[in-house]
Amino acid sequence: MASGSHGGFDVLVIGSGGAGLTAALSLAEHCRVLVLAKGALDSGSTAWAQGGIAAVLDAGDTFENHIEDTMVAGAGLNRRETVEFVIERAPLAIERLIGLGVPFNSAEGTLHLTREGGHSHRRIVHVDDATGWAVESALLKAANAHPNITLLAGRTCIDLITGKHELRYSGSGRVWGAYALNSATGRVEAHTARATILATGGAGRVYQFSTAPRGATGDGIAMAWRAGARVSNMEMMQFHPTCLYNLDVKNFLITEAVRGEGGQLKIPPGFPGAGRRFMPRFDERAELAPRDIVARAIDHEIKRLGLDYVHLDISHKPPEFVREHFPTIYEKLLGLGIDMTAEPIPVVPAQHYTCGGVLIDLAARTDLPGLYAAGECTESGLHGANRLASNSLLECFVFGEAAAADILARWDSFDAPPEIRAWDESRVTDSDEEVVIKQNWTEIRRFMWNYVGIVRTTKRLERARHRIRMLGEEVNDYYGHFRVTTDLIELRNLLQCAELIVHSALKRHESRGLHYTRDYPETLPQAVDTVLVP
Ligand code: FAD
Ligand code: SIN
């Protein structure tokens, strides 16, 4: 295979989570790959995943069942060809992970399958309640060991390199890599390659309360949008029904598998209906209804009764069953003074997953030549208006692999990158107003939570839009005058994503899946994607 790109690498992968590392490992037999990560290599959402990975592995289950469950959860907005594409590749993806040494729970050679909301069958493979950590560790171990993969942590990509950055300006939309801030040196580096894969994860941190890690600031979505790629369905922000309510620990997820294994949602003591389940009043699938329905029901009960939280109770199950299935959560809660084998867990909904993102096709291609994208930063058509639990890691593996396969298949059409302009280092002044950046971060996250949350109205969305415009002037002014820092880069991207979410929400004149607005409570007969064109 030809090599010798300007940066010394053939393919640049931005992101070292499930999507990025899968792509890198699939490419590395044939070419040299550079993987960049913003903070530590394992600081993305992948390492935080709890419940597991959905795949049809039980003799009583079928692809058709999994496809149907995914389409029902997605409220019909899914693209069926994508759903089929991903679900049919799930068993092979699990086999590959086993080959990398992921120790999925099993007994006598049979994988243990747990259950989660919206799934008609048990089909979630898992490693106790810390699946993501096991998967990320296995992928990183394999990538570290591969001579054709270079992993660089502490590189915050700022923007994609396109035709307008070529030394001999072509102005084309062709992507040649990315500029990245090296947090150790404070310098901006240009990383070029024949092909670039965005695998930067979601934008959860645009909300005040989120289960996602600190770095989930939508950088890839914002970078692709600024470079000219379309984004789709950004209004479809998923709220997980059960995030721990605790004044000190703000974003600890209580896996949906707790409900899958019998956990019940109840009204806490001191309020009408105390100790009683409420989900059966909202949906016949009760606690195992899809996430949008459960999160909205909890939100409704919290507002109706003036609660701080609701209770998630699995204490009716034998203590050894609970400890065996949820060892990580059990220990974490015990450390906070909650014994989940004997008492209920206080929970609230929190932002959890970005269903929308950079629009890709089945080969993980974006609109821009040379740019691919995979994982949570994309809108592939799999999730529609609401992601089915445990379909997300699966999407990372399938599209990470698809991106690699397409790049290798079309290798001869990828030219070596031309000479690229160095980053403009004339902005050498350090901002003395770091505190303003922090305040703006907080402000965006707060108004997005209050105005663009689980239940929306046009008036609230317009208020959010107004604030975004005001903050936009301030942030652009900062960005234009001062030396870039990771906080400033992320703030710019958060604001960009907030704008895309609000813009998309205002365009959807119906309620569907995760987008519920009091002004348009009905679901229109035809499901149409909200595609934004730069
Ligand atoms: P991530 O794993 O988030 O990785 C993103 C990578 O991009 C990181 O390496 C980061 O450093 C890098 N990056 C970001 N911005 C930049 C930048 N500007 N420059 C350079 N690098 C950058 N899904 C399931 O299917 N099953 C589950 O059980 C499950 N549980 C979950 C539990 C929690 C608490 C959370 C938060 C999510 C869970 N999800 C689950 C969702 C799933 O974990 C994520 O959707 C998935 O891991 C995303 O993988 P990814 O590779 O797209 O991105
Ligand atoms: C969970 O374990 O509840 C998270 C699963 C998911 O987000 O798919």
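Where the centroid of each part is defined by its Cα atoms, how far is the range 340-377 from the range 66-120 in Å? Centre-to-centre (Cα) distance: 16 Å.
With both residues required to sit in the chain, DSSP beta bridges show an antiparallel share near 65%.
Could you compute the FRET efficiency for Ala409 and Arg80, with r as their C-beta to C-beta distance and R0 at 25 Å, rounded to 0.05? In this case the efficiency is close to 0.55.
Taking a sphere under 11 Å around the Cβ of Glu522 and counting the other residues whose Cβ falls inside, with K and R at +1 and D and E at -1, yields a net charge of -1. Along the axis of the charge dipole computed for the range 379-534 (Cβ charges of +1 for Lys and Arg, -1 for Asp and Glu, origin at the Cα centre), the listed residues Gly400, Leu532, Ser504 are led at the positive end by Ser504. At a probe radius of 1.4 angstrom, the accessible area of the chain per residue rounds to 38 square angstrom.
The lysines whose alpha-carbon is closer than 21 Å to the alpha-carbon of Lys332, local same-chain residues fewer than 8 away aside, are Lys250, Lys317. Positive contributions from Lys and Arg (+1) and negative ones from Asp and Glu (-1), summed over other residues with Cβ under 13 Å from the Cβ of Thr162, come out at +1. Going 7 Å from the Cα of Asp519 in the Cα-to-Cβ direction, what parts of the range 442-459 have a backbone nitrogen less than 13 Å from that spot? Of the residues in the range 442-459, 452, 456-459 have backbone N under 13 Å from the label point off Asp519. Net charge dipole, the chain: roughly 1120 debye, given to the nearest 20, about the Cα centre with Cβ charges of +1 for Lys and Arg and -1 for Asp and Glu. Here the range 110-212 exposes an accessible surface that is 52 percent carbon and sulfur, computed with a 1.4 Å probe and the other protein chains kept in place. Distance between the modelled labels on Thr110 and Arg214, one decimal in nanometres: 4.5 nm (7 Å Cα→Cβ projection).
Taking 19 Å as the straight-line reach from the Cα of Lys459, the aspartates and glutamates in range (excluding those fewer than 8 positions away in the same chain) are Glu235, Glu443, Glu499, Glu510, Asp519, Glu522. When the Cα positions of Phe252, His146, Ala130 are compared along the charge dipole of the chain, Phe252 comes out farthest toward the positive end, with charges on each C-beta of Lys, Arg, Asp and Glu. By the rule of a C-alpha distance below 26 Å, with chain neighbours fewer than 8 residues away ignored, the lysines paired with Lys164 are Lys38.
Full extension of the chain between Arg304 and Glu473 gives 57.0 nm of extra length, using 0.36 nm per residue less the Cα-Cα distance. The residue list Ile53, Gly76, Gly8 was ranked by how far each Cα lies along the charge dipole of the range 1-84 toward its positive end, using unit charges on Cβ atoms, and Gly8 comes out on top. Where in the chain are the DSSP H helices whose alpha-carbon span along the long axis reaches 30 Å or more and whose Kyte-Doolittle mean is at least 0.5? Helices passing the filter in the chain: 486-507. The Leu152 and Ala274 beta-carbon pair, evaluated with R₀ = 35 Å, returns a calculated FRET efficiency of approximately 0.05. Report in % the part of the accessible area of the range 309-403 that belongs to carbon and sulfur, leaving out ligands and nucleic acids; probe 1.4 Å. Solvent-exposed carbon and sulfur of the range 309-403 make up 53 percent of the total. A Förster distance of 22 Å, applied to the separation of the beta-carbon atoms of Leu247 and Asn450, puts the FRET efficiency at 0.70.
Adding -39500 (n - 2.57) for every DSSP H run of four residues or longer, then dividing by how many residues the chain holds, sets the calculated 222 nm ellipticity at -11000 deg cm²/dmol. The value of relative contact order for the range 236-298, using C-alpha pairs under 8 Å at least six residues apart, is 33 percent.
May I ask for the net charge around Asn78, where only other residues with Cβ less than 12 Å from the Cβ of Asn78 are counted and Lys, Arg are +1 while Asp, Glu are -1?
For residues surrounding Asn78, the net value is -3.
The values are calculated or read from the model by the stated rules, or taken from the named source; none is laboratory data. Just so you know, these numbers come straight off a predicted model, no measurement behind them. FYI the Cβ positions are ideal-geometry reconstructions off the backbone, even for glycines, and counts take in every protein chain you see. Just the protein is used for accessible areas: all its heavy atoms, side chains included, with ligands, DNA and RNA removed. Shrake-Rupley method; radii C 1.70, N 1.55, O 1.52, S 1.80 Å.
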